[in-house]
Amino acid sequence: MKIRVLGAGAGGGFPQWNCNCHNCHRIRRQQMQGTPRTQSSIAVSTDDVHWLLFNTSPDIRAQLEAFPAIQPKNGIRDTGITAILLIDSQIDHSTGMLMLREGKPLEVYCTEMVKQDLSTGFPIFKMLEHYCTINHHPVPIDGSSFEIPGIDDLRFYTQALKSKAPPYSPHRYDPHDGDNIGVIIEQISTGKKVFYSPGLGEIEPHVMAAMQAADCVMVDGTFWTDDEMCTQNISQKKAREIGHLPQSGPGGMIEVLNTLPNTRKILIHINNTNPILDEISDERKQLDAAGIEVAYDGLEINL
Ligand code: MLT
Ligand code: MN
Ligand code: ZN
């Protein structure tokens, strides 16, 4: 299978339009060794023709323009996007569907909870009834596998995660299974597996098992420390409070990833405040030493 990282940044992207943090300030002035990142999305295919989008970023237009394999090839209107799988209903993962309104009905795979959010608090599903329309396909969260017509040779399993419904959600403070999922992508013919989870608040046993079974994990790289946004005077919100496990410290993502010696380890959904965006920072060197990669826009993974 081939995975293309369309956007490796967290909500806001890097640099963020109104942000003057240490990273955003320096990247705008070419004073930092690093690269800008658009907001969170990947695409997966086994034939380079039919692509499954994971999430639809507000930056989707630029992401598709940067990726010839997914662009129109046949006829006056066309796309390589065969289907869309949403892992949650966050603004940075769902807004891009509005940018796809000119096309055919969207085949959207998501949980009932995500569908509810996107029909109430942020009613994209209802709005798009007046444009392309959406064919919703419910995603099981009981561990059973499912396949997606047109996406050959791949099988999917989801994991309900302890993370957070979006701030706008009617059940932000009333968590339900299916608010957020991690996804295991398995290639049927080879048995190769990827675990994708850009929003991971806690490593529950079933999540650990999914990570252990994977050949490659692409997991939450949002924050380096729990209080990163507080110490930079950006927000009072802690990483864990908003559903993101920080990388450093006891129980952090690095410790978790260090228990997976034979797995390719990639951090994704990197917030603009995160010091790992600076390629010569001490924090980035710690990741390098641990064999942990930092995803960037355009990264392709062949498994
Ligand atoms: C998150 O990942 O926590 C959200 O995308 C934050 C946001 O909506 O900006
Ligand atoms: Mn996000
Ligand atoms: Zn910033």
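Only the coordinates and a few stated rules stand behind these numbers; no lab work does. All figures in this text were calculated on a predicted structure; none of them were measured in a lab. Glycine also receives a Cβ, built like all others from the backbone with ideal geometry; neighbour counts cover every protein chain displayed.
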Inset, instruction - Name the aspartates and glutamates eligible as straight-distance cross-link partners of Lys115: C-alpha to C-alpha under 20 Å, and not fewer than 8 places from it in the same chain. - result: Asp88, Asp92, Glu107, Glu129, Asp142, Glu147, Asp174, Asp177, Asp179
Legend entry - Nearest-20 debye value, the chain charge dipole, Cβ charges on Lys, Arg, Asp, Glu: 600 debye
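In percent, how large is the relative contact order of the chain, given Cα pairs closer than 8 Å and 6 or more residues apart? Please report the intermediate quantities before stating the final value.
Details: 704 pairs, mean separation 58.4, N = 303.
That works out to 19 percent.
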Legend entry - Separation between Cα centres of the stretch 282-303 and the stretch 122-156, rounded to whole Å: 30 Å
Legend entry - Karplus 3J(HN,Hα) series, Hz, for the stretch 108-115 with 6.51 cos²θ - 1.76 cosθ + 1.60 (x for Gly, Pro): 10, 9, 7, 6, 4, 5, 5, 4
Inset, instruction - Find which of Gln39, His22, Gly121 sits farthest along the positive direction of the dipole of the chain, computed with +1 on the beta-carbon of Lys and Arg, -1 on that of Asp and Glu, about the Cα centre. - result: His22
Legend entry - Sites Asn135 and Asp288, calculated FRET efficiency, Cβ-Cβ separation with R0 45 Å, nearest 0.05: 0.55
Legend entry - the stretch 21-124 shape via C-alpha gyration tensor axes, a/c threshold 1.5: oblate
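Just to confirm the filter: which trypsin sites (Lys or Arg not before Pro) across the stretch 35-89 are DSSP coil and have at most 14 other Cβ within 10 angstrom of their Cβ?
Working: sites: Arg37, Arg61, Lys73, Arg77; in loops: Lys73, Arg77.
In loop regions of the stretch 35-89 (DSSP not H, G, I, E or B), the sparsely surrounded trypsin sites (Lys or Arg not before Pro) are Lys73, Arg77.
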Inset, instruction - Taking H placed 1.01 Å from N in the peptide plane, check which residues at least 5 places from Leu85 or on another chain put their amide H under 5 Å from its amide H. - result: Leu53, Phe54, Asn55, Tyr109
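Compute the Cα gyration tensor for the chain, then decide on rounded, prolate or oblate, letting a ≥ b ≥ c be the square roots of its eigenvalues: rounded whenever a/c is under 1.5, prolate when a/b is larger than b/c in the other cases, and oblate in all that remain.
Here the chain falls in the rounded category.
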Legend entry - Using θ = phi - 60° and Karplus 6.51 cos²θ - 1.76 cosθ + 1.60, couplings along the stretch 262-273 (whole Hz; Gly, Pro as x): 9, 10, 6, 10, 10, 8, 9, 6, 8, 6, 5, 7
